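Engineer: Structure below; questions to follow.
The values are calculated or read from the model by the stated rules, or taken from the named source; none is laboratory data. Given the structure is predicted, the values throughout are model-derived calculations rather than measurements. All Cβ positions, even for glycine, are placed from backbone atoms using ideal geometry, and neighbour counts span all protein chains on display. We work out accessible area using only protein heavy atoms, side chains counted, and drop any ligands, DNA or RNA first. Shrake-Rupley method; radii C 1.70, N 1.55, O 1.52, S 1.80 Å.
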Amino acid sequence: MDDKLIEFANLMRDNGVRVSTAETLDAVAAAALIGFRDRDSFRAALRSTMVKRSRDLPAFEQLFEIYFSGLGEIIKQAGEAVRNEMAMTEREFQEFIEQVEKFLKEQGNELSDLARRLLENNSGELQRMIAAAAREIQLNRMERSLEQNHFAQALARALGLDRLQGEMRSLHDRLPPQEDDLASARMKEYFERRMKALDDIIRRYVRMQGEQREVRARASSQLDQVGDKSFFFLSQEELDRMNQAVTQLAQRLKSIVAVRRRHARRGRFDIKRTLRHNLQNGGVPFDLHFDRRRKDKPQVVMLCDVSDSVRNASRFMLQFVYSLQELYSRVRSFVFVAEIGEVTPLFRDRDLKEALDAALSGDIINVYSHSNFGSAFRAFAHEHLGAINRRTTVIILGDARNNYNLPHDWCLREIRQRAQRLIWLNPESRGTWGFGDSEMERYAVHCDTVEECRNLNQLYRVIDRLVPR
Amino acid sequence: MFSSIEDVSDRFAEQKYIASRRIATVIYLASRLMKPILVEGAAGVGKTELAKVLAAALDYELIRLQCYEGLDESKALYEWEYAKQLLYSQILKDKIGEVLSGSRGLAEAVDQIAREDNVFFSERFILPRPLLRAITSERPVVLLVDEIDKADAEFEAFLLELLSDFQVTVPEIGTLRARSIPLVVLTSNNAREMSDALKRRCLHLYIDFPDHAQELAIVKLKAPEASHSLAEEVVTMVQSLRKIDLKKTPGISETIDWIKALTLLNLDTLEHQLVNDTLDTIVKYEADIRKAQEELKNHLRDLRSRRPPASGEDKDLLN
């Protein structure tokens, strides 16, 4: 059993569930305590010892089904099938098996174990023998479904199917000719069906092993993969997962901020002030004074391109801005295509989904026009320049594809002069900047940093730098 | 100690807690393997309750440590009772003077005091906090570390050390070893991911919202005064509320509160006006209430179409 658990642990690891050696040991101890007669308890024991992240639970359930419902179930089903084909009730079948056992005993000890177990319908022993044979031929090294036939034959050989066939023939011959005896006719039928059943068991078992392989090969740790995938190529399911990731990100951000704030609460010991204040105590330092660090509240102004070309990316950026706005009081957000409009109050008052939908739906600005960064920047410079002071970080998200309009890059210079820093995040890959109608190079001159931000991991990095230390 | 999984279920049932096979198995394993249990799940599925019931079922004392941001060792483990020490030294001033009377010179006096200082740094002046109480208790206890995700990562690391050795070193006194290993239950709302090291040492139990039948059974156990039809309707309603996207999904405790409130108002089926008025017992946010009302309307409409046509009193169901 221990082997089986260790193999199961490996299977889980192959599927991106982290299972440590210590946890495998726990599982072994737990299994020894619980036993595996009661499937639900056994499953619960493995689940609690091996799976520690709730998002791994579905993978565990799936793998458990495949791995442990295995051979025993197949053999049981095959036995049932034989009984059904012979149209007997369970009781009749039981009595019939007893007859068979008597007949086998009369035949003496020449029979192989396999034949005996098979005919006596001893599923436990049969399972053990097949599992042993499977280990012998290293069935778990099967990799492609094309190999299934080959492995099925190998398994049959390892089990000793050749010998079994011979034995069956001789048993068949030793039975009285069937015209005389109904019982012997049934016995003959039973032998044949059993042979077929064994064949069936072997095939199904090998196929099931193949399925396990496939699960193993299937996408492993999925979140990590999404992290490196560009915003443009996400499917709906991945978008959902991405949403989840951004929420997690915001939460992580909150805890980072909490820790950094706590560390920053007290500054260094201020000797001068301490001495001055304690003059009245004769210089004995009763009251200690520390530098008080000024809290560095981030003031962020976010300009987000919501034109069709960057739609996915801007959605996530807005979602991030939304969390940021929940976190800090001084965040202002704007969306633009050709016009520019403020969405700060929208984000403040509504819940995330509604706010995002409203921001992207065209209520604030016309989202169906062609991008015109120049005019949007000029409008911003005219109307909202007051939003920026020397502590403001300005973040612009956009691909800088200006449709050959006037770039008005002087607006950026104005913004840059007033702001603490100006960051441009471009969801296009770096190689394409400056080609075609991209004005990235012209705008980049006025920015402190220009980052490629086309997937979640890059977003992570950007955010980490944004949070003040 | 529990003798089998069934024993766990039975004793939990005595305490009015319906433990699924999975929960019972994990509890049994934890008590036999002496491992802490990390319980995760949404708010209101009965995580804290689990620990309370565990203590009651075993007739152990429950020691609870509520975690919060900034929780540190002096709040969780032990603290010196400065005030008491000060008081004692004031009262014993004369005695101290006596001890010191024979000494010549400052150095000798300090030496003499130093020889006696373990009087003041003894277990007498230690103020035990939950963790120390749990491991120095004569009888085994259930230690509930509630909402561990609220505590800082440093505290988690500290807890880890305690949970692996079950001993504490107080510099002035020495090492205090556990007299009996406590059963530890940690709960987490998943506000942040716990460290792998902690998870590795624990048995993990994820409690999900119960299905319809389970919740009905729980409600009947906890609020036996409610009529069957009301319980049935409320549970169906809450189950459907959980499917829509709410800021805070109603938990089991909310279901029970709601049923109790409705029973108090002498209702035996859901009625629109009263349900609307009491909706804030299960839904806690303004935006959620709006969504819930919408859902409720649909729900009641369905319900009415299925219910046998009643007399005029049903007319104002949908105002």
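Engineer: Report the GluC sites (Glu not before Pro) located in region A:124-153 that are in a DSSP loop and have at most 16 other Cβ atoms inside 10 Å of their Cβ, or state none. Don't skip to the answer; put the middle values down first.
Structural biologist: Values: sites: A:125, A:136, A:143, A:147; in loops: A:143.
Loop-located and lightly packed - A:143.
Engineer: Highest first, please rank the peptides B:114-127, A:21-34 by the mean number of other Cβ atoms sitting within 10 Å of their residues.
Structural biologist: Averaged packing, sorted descending, gives the order A:21-34, B:114-127.
Engineer: Which ³J(HN,Hα) values, rounded to whole Hz and listed in residue order, are derived for region A:347-354 from phi using the Karplus coefficients 6.51, -1.76 and 1.60 in 6.51 cos²θ - 1.76 cosθ + 1.60 with θ = phi - 60°, glycine and proline given as x?
Structural biologist: For region A:347-354, the Karplus-derived couplings read 5, 6, 8, 10, 7, 3, 5, 4 Hz, x marking Gly and Pro.
Engineer: Could you work out Rg/(2.2 N^0.38 Å) for chain B, with Rg from alpha carbons only? It would help to have the intermediate numbers written out before the result.
Structural biologist: Values: Rg = 27.2 Å, N = 319, 2.2 N^0.38 = 19.7 Å.
Rounded to two decimals, the normalised Rg is 1.38.
Engineer: From the mean inverse distance of alpha carbon pairs (Kirkwood) and the Cα radius of gyration, derive Rg over Rh for region B:13-110.
Structural biologist: Using Cα coordinates only, the ratio equals 1.33.
Engineer: Between residue B:197 and residue B:245, how many nm apart are label points set 7 Å from Cα along the C-beta direction?
Structural biologist: Simple spin-label model gives 3.9 nm for this pair.
Engineer: So which lysines pass the test for residue B:291, namely a Cα distance under 18 Å, with those fewer than 8 places away in the same chain ruled out?
Structural biologist: Those lysines meeting the cut-off are A:353, B:243, B:247, B:248.
Engineer: Separate question: Counting protein heavy atoms only and a 1.4 angstrom probe, how many square angstrom of accessible surface do chains A and B bury in total, to the nearest 100? Working shown, then result.
Structural biologist: Details: alone 25680 and 17150 Å², together 40650 Å².
Its buried surface, counting both partners, is about 2200 Å².
Engineer: Run the simple label-point estimate for residue A:420 and residue A:169 please: 7 Å along Cα→C-beta, distance reported in nm.
Structural biologist: 9.0
Engineer: Can you pull the percent of region A:1-147's accessible area that's carbon plus sulfur, 1.4 Å probe, other chains left in place? Present the calculation step by step, with values, prior to reporting the outcome.
Structural biologist: Numbers: 3400 of 7560 Å².
Accessible surface attributable to carbon and sulfur in region A:1-147 totals 45 percent.
Engineer: In nm, what is the difference between 0.36 nm times the number of residues separating residue A:98 and residue A:76 and their Cα-Cα distance?
Structural biologist: On the way: separation 22, 0.36 × 22 = 7.92 nm, distance 1.80 nm.
Going from the current span to full extension adds 6.1 nm.
Engineer: Among the trypsin sites (Lys or Arg not before Pro) in region A:331-422, which ones are in a DSSP loop with at most 14 other Cβ atoms within 10 Å of the Cβ? Mind listing them? Mind showing how you got there, number by number?
Structural biologist: Working: sites: A:332, A:348, A:350, A:353, A:378, A:390, A:391, A:401, A:413, A:416, A:418, A:421; in loops: A:350, A:390, A:391.
Within region A:331-422, the qualifying trypsin sites (Lys or Arg not before Pro) (loop, at most 14 other Cβ atoms within 10 Å) are A:390, A:391.
Engineer: With a/c under 1.5 counting as rounded, go ahead and sort region A:293-466 into rounded, prolate or oblate using the C-alpha gyration tensor (a ≥ b ≥ c being the square roots of the eigenvalues; past the cut-off, prolate if a/b is larger than b/c, else oblate). Please report the intermediate quantities before stating the final value.
Structural biologist: Values: a/c = 1.31, a/b = 1.14, b/c = 1.14.
It is rounded, given that a/c, with a ≥ b ≥ c, falls under 1.5.
Engineer: Further question on the same structure: Can you list the residues, at least 5 places off or on another chain, whose amide H is less than 5 Å from the amide H of residue B:203, using H built in the peptide plane?
Structural biologist: Those lying under 5 Å, H to H, from residue B:203 are B:37, B:38.
Engineer: While we're on this one: So what are the three principal axis dimensions of region B:216-280 from its Cα atoms, in whole Å, longest to shortest?
Structural biologist: Principal extents (largest minus smallest coordinate, Cα): 30, 27, 15 Å.
Engineer: For the protein assembly as shown, count all C-alpha to C-alpha pairs, find those more than 49 Å apart, and express that count as a whole percent of the total.
Structural biologist: On the way: 135312 of 310078 pairs.
Roughly 44 percent, rounded to a whole number.
Engineer: Separate question: Would you jot down the residues in region A:21-43 that end up with at least 50 Å² less accessible area in the complete protein assembly than in the chain alone, with a 1.4 Å probe?
Structural biologist: Residues losing area: A:26, A:33, A:34.
Engineer: Sticking with this structure for a sec: Quick one: what Rg and Dmax do you get for region A:384-435 from the alpha carbons, in Å?
Structural biologist: 12.5, 35
Engineer: What lysines does residue A:272 reach when the alpha-carbon gap must be under 30 Å and sequence neighbours fewer than 8 apart in one chain are set aside?
Structural biologist: Partners found: A:295, A:297.
Engineer: Moving on. Ignoring any ligand, DNA or RNA, what whole percent of the accessible area of region A:311-463 comes from carbon and sulfur when the probe is 1.4 angstrom?
Structural biologist: Values: 2950 of 6580 Å².
The computed percentage sits at 45.
Engineer: With a 1.4 Å probe and all protein chains left in place, how much accessible area per residue does chain B have, in Å²?
Structural biologist: Values: 16100 Å² over 319 residues.
Value for chain B: 50 Å² per residue.
Engineer: Please say if region B:104-262 is rounded, prolate or oblate, where rounded means a/c under 1.5 for a ≥ b ≥ c the square roots of the C-alpha gyration tensor eigenvalues, and otherwise the choice is prolate for a/b larger than b/c and oblate otherwise?
Structural biologist: prolate
Engineer: Need the list of lysines near residue B:199 for cross-linking: C-alpha distance under 25 angstrom, and skip anything on the same chain fewer than eight residues off.
Structural biologist: A:4, A:52, A:254, B:35, B:47, B:52, B:75, B:150
Engineer: Starting at the first residue of region A:399-408, write each ³J(HN,Hα) from the Karplus equation 6.51 cos²θ - 1.76 cosθ + 1.60 with θ = phi - 60°, in whole Hz, x for Gly and Pro.
Structural biologist: 8, 6, 8, 9, 6, 6, 7, 5, x, 6
Engineer: What accessible area per residue comes out for region A:293-466, rounded to a whole number of Å², with a 1.4 Å probe?
Structural biologist: Working: 7670 Å² over 174 residues.
Per-residue accessible area for region A:293-466 comes out at 44 Å².
Engineer: Turning to a different aspect of this structure: From the gyration tensor of the Cα coordinates in region B:78-125, what semi-axes in whole Å does the equivalent ellipsoid have, largest first, with each one equal to sqrt(5λ)?
Structural biologist: Details: eigenvalues 101, 30, 11 Å².
In descending order the semi-axes read 23, 12, 7 Å.
Engineer: Which percent, nearest 5, of DSSP beta bridges in region A:318-469 are antiparallel?
Structural biologist: Details: 4 of 13 bridges.
For region A:318-469, the DSSP antiparallel bridge percentage is about 30.
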